[in-house]
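Notes follow the structure.
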Ligand code: ADP
């Protein structure tokens, strides 16, 4: 079973993804983590990625698509399946992913903007991430989410794979809803 986690930044995708990886034997593909690793590697590409992330913009589709194509070609899946966190974030990425593997469920964690801004500013105090510490950058990311990522919800709805969960519930309740959605 391959699962996509979708929702605005700070919706709790990472938290829930980690549970699936730790407790239910999923392999995780976390684009933000892969990109942050690249952004600190001292190369020109790394510097470009860092500037894009720090400004709250999306890394171009072509770059993400080639990165994910490589990643999926090299990954060995022995466990319960793959859980994607932070990908796909655009309709074009969702279409590319459809050509790379089968997605069984898209879990949408719905959280309103004011709650998101609060959560991310709090996370920024701990994570030290530049893009988590500035309210205007967080609002830019929300705007990008609305224009670029929300269409991905319709993509999976049209395929009858979308499961909407209230992301303001407790972490435990959300996890229980995810498990029931994936039949575990
Ligand atoms: P969050 O979910 O809080 O936004 P992430 O760690 O998932 O945090 O992503 C951080 C940043 O990395 C994004 O704001 C974006 O710049 C970049 N990024 C992550 N995934 C993608 C993607 N699939 N396409 C384009 N850019 C991405």
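The values are calculated or read from the model by the stated rules, or taken from the named source; none is laboratory data. Keep in mind that what you see is a predicted model, and the values were worked out from it rather than measured. Reconstructed Cβ throughout: ideal geometry from the backbone, glycine too, with neighbour counts over all protein chains shown.
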Exercise for review: Scan segment 140-161 and give yes if some residue there is within 14 Å of the ligand (Cβ to nearest atom), part of a helix (DSSP H, G or I), at pLDDT 95 or above and over 16 Å from the mean Cα position of the chain (by Cα), otherwise no.
Suggested key: yes
Check your understanding: If you scan segment 112-136, which residues turn out to be surrounded by fewer than 19 Cβ atoms within 10 Å (Cβ to Cβ) and within 11 Å of the ligand (Cβ to nearest atom)?
Key -> 123, 127, 129, 130
Check your understanding: Looking at 104, 70, 98, 47, which is the one that is within 26 Å of residue 180 (Cβ to Cβ), without any contact (Cβ under 8 Å) to a residue 40 or more places away in the chain and more than 8 Å from the ligand (Cβ to nearest atom)?
Key -> 98
Exercise for review: Could you check, for segment 19-36, whether at least one of its residues is farther than 27 Å from residue 171 by Cβ and out of contact with any strand residue (DSSP E or B) (no Cβ under 8 Å at 6 or more places or on another chain)?
Suggested key: no
**Study point:** Every residue from segment 162-184 that is over 17 Å from residue 117 (Cβ atoms), within 17 Å of the chain's Cα centre (by Cα) and outside any helix (DSSP H, G or I)
**Key:** 162, 163, 164, 165, 166
